[in-house]
1. To the nearest Å, what is the center-to-center distance of the stretch 317-347 and the stretch 113-164, using C-alpha atoms only?
2. Please identify every one of the trypsin sites (Lys or Arg not before Pro) in the stretch 128-179 that sits in a loop by DSSP and has no more than 14 other beta carbons within 10 Å of its own beta carbon.
3. Hey, got the Cα dimensions of the stretch 161-291 along the principal axes, in Å, largest first?
4. Please compute, for the alpha-carbon atoms of the stretch 7-53, the extent along each of the three principal axes and give them in descending order in Å.
5. I need the semi-axes of the equivalent ellipsoid of the stretch 163-230: take the C-alpha gyration tensor, multiply each eigenvalue by 5, square-root it, list largest first in whole angstrom.
6. Sorting Arg49, Arg337 on the 10 Å Cβ count, fewest up front, what's the list?
7. Rounded to the nearest 0.05, what FRET efficiency do Thr14 and Glu216 give with R0 = 35 Å and r taken as the Cβ-Cβ distance? Could you check?
8. For the chain, with a Gaussian network of springs between Cα atoms less than 10 Å apart, report the residue from Asp322, Asp92, Asp122 with the top mean-square fluctuation.
Amino acid sequence: MATTKSYAAHSATTPLEPWTFERRNLKPTDVQMDILFCGVCHSDLHYARNEWGMTTYPIVPGHEIVGKITAVGSAVTKHKVGDYAGIGCLVDSCRQCDNCKQDQEQYCTNGFVGTYGGMEKDGSGPTHGGYSKNILCHEDFVLHISDKLDLAATAPLLCAGITTYSPLRHWKVGPGMKVGILGLGGLGHMGVKFAVSMGAEVTMLSHTPGKKADAERLGAHKFVLTSDSEQVKSVGGYFDFILDTVSAQHDYNMYLSMLRTNGVMVCVGVPPAPIPVHSMSLIFGRHTLAGSLIGGIAETQEMLDFCAEHNIVSDIEMIRMDQINEAYERLLTGDVRYRFVIDMDSL
Ligand code: NAP
Ligand code: ZN
Ligand code: ZN
């Protein structure tokens, strides 16, 4: 057992604070790493504050993890001590269901094991995430990181990156398509970079006027301020595909009205409460409203390799571990350009 320093939430209403716990023993198929950087996903905040009603405390958030491998079990073949590596949102799954066999562990029908807030398959206890000094898991869930990529700016790719890359690939976004990315935060800014690199015409849909210049810098071809009804009207029936990354309550019907015939809107943002959808918003124009959950391990590796090839990383603001509670407050006001990453040396 390794004693591990971390930051944990002990209830939905108290700030995260230092906490020490024991990681389970290294198994023959495990890889252990010292964590260098961990991205701060809005899901960490939803989870720490029990906004989805499924948190058990204490919880150590963090599933955008980059580190250096310090130990490998005797049966490990894919990784070695000294390598830089990543762990995203998943640390285990059944490997036997149809989805696991097709590299879609995120849809494991027997339930994947989340990097935090999950239960180890062997019953050894709850999983704890990357706001900590070290972590270990089965080698199949550890990603290789190209030495071409900046390590800190790579951490957010492990969730924000794969969560936007996967639906863009699944719905075959490419040249000739008009794509709207809704919400310019951690996920949204990766969505813009990927959709642009895949050759689509990309429009940033944001409720923050001050983000126009950044959207353009990230490669967006157009910017629509969603609080301005004239600008909203100008994209009525316009998009083939909208990727919705918004973390707060918003009106799906308004965005569905921006789809052209047969257009698809995919939700990846998870607002805390259900949002009503009028069937008319779907019927007229034969629109599809869909969802997408992160991505499988093989696709996450494909995305990391795509990033190395296209020189894509996240735009980050580095913080110290003791700034995490302040960072959460800033996330709530959209004040992040565009991902907080914790320097784990500061823990
Ligand atoms: P984030 O960095 O906080 O970005 C969310 C963005 O939503 C904000 O930057 C803002 O963009 C927009 N927004 C916020 N409040 C809004 C409001 N009241 N009305 C309209 N827009 C608003 O969050 P994130 O880390 O990217 O995560 C986004 C969501 O995705 C979260 O709910 C998270 O839990 C979820 N998520 C899902 C998956 C998955 O697998 N499906 C994976 C990771 C995260 P503008 O200022 O541009 O409007
Ligand atoms: Zn996440
Ligand atoms: Zn499975």
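Rule-based calculations on the coordinates, nothing more; no lab input. Just so we're clear, the structure is a prediction, and the values are computed from it rather than from any experiment. Counting neighbours? That spans all protein chains shown, and the Cβs are built from the backbone with ideal geometry, glycine included.
1. If you average the Cα positions of each part, the centres end up 18 Å apart.
2. Lys148, Lys172
3. 36, 30, 29
4. That works out to 38, 22, 20 Å along the principal axes.
5. The equivalent ellipsoid of the stretch 163-230 has semi-axes of 19, 12, 11 Å.
6. Neighbour counts put them in this order, fewest first: Arg337, Arg49.
7. 0.30
8. Maximum fluctuation in the GNM of the chain, among the listed residues, is at Asp122.
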